[in-house]
Amino acid sequence: MSRRLASISLLCAWLCASGAMLDVAQAFAWGRMFAGYTKTESVVSAARDTFDASRPCSLCLAVKAAREASSRHSPEVQTTDGSKVVLAFVDTGIFVDQSAARNWSRVPCSSLPARAEDVPLPPPRQGC
């Protein structure tokens with residue numbers, strides 16, 4: 001794996017873990033709203049309407065609900081049209097590894113060679 005790919009993967013993981021992805025989604029929603037408003041209005045009034053808190057789009061409401069849900073540690077967010085956005089999957093099932101229950105055959109100690117005689121040692125040296 002190249003160093004650049006590892007760095008990009010780490011950055012993406014950090015963005016997801018820190019909740020910055022909601023900021024990216026909010027910026028995308030603002031960009032989409034601004035582009036929609038500029039088709040019928042001037043740039044100044046489109047910018048004013050985009051950041052007007054009384055006129056949020058469905059994606060802005062979904063991001064707001066996601067922020068509230070993340071503070072309550074809830075993985076689901078309900079959008080205004082009734083669809084659900086799953087931000088995280090939490091599996092509460094218990095994992096039991098079946099391979100840990102293997103029966104290992106015992107090797108009898110009598111099959112190993114045993115040394116009956118003493119281990120030869122070099123003679124002790126006289127003072128150096």
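The values are calculated or read from the model by the stated rules, or taken from the named source; none is laboratory data. Owing to the predicted nature of the structure, the values given are computational and were not obtained by experimental measurement. A quick note on method: Cβ atoms are made from the backbone with ideal geometry, for glycine too, and the neighbour counts reach across all protein chains shown. Ligands, DNA and RNA are excluded from the accessible area calculation, which covers all protein heavy atoms including side chains. Shrake-Rupley method; radii C 1.70, N 1.55, O 1.52, S 1.80 Å.
Once you have the Cα-Cα distance between ALA35 and SER70, take 0.36 nm times their residue separation minus that, and quote the gain in nm to one decimal.
Full-extension gain reported as 9.7 nm.
With point charges of +1 on the Cβ of Lys and Arg and -1 on the Cβ of Asp and Glu, referenced to the Cα centre of segment 1-72, which listed residue (ALA27, SER54, SER7) lies farthest in the positive direction of the dipole?
Result: SER7.
Kindly report the accessible area of segment 15-71 per residue (heavy atoms of protein chains, probe 1.4 Å, no ligands, DNA or RNA), in Å².
61
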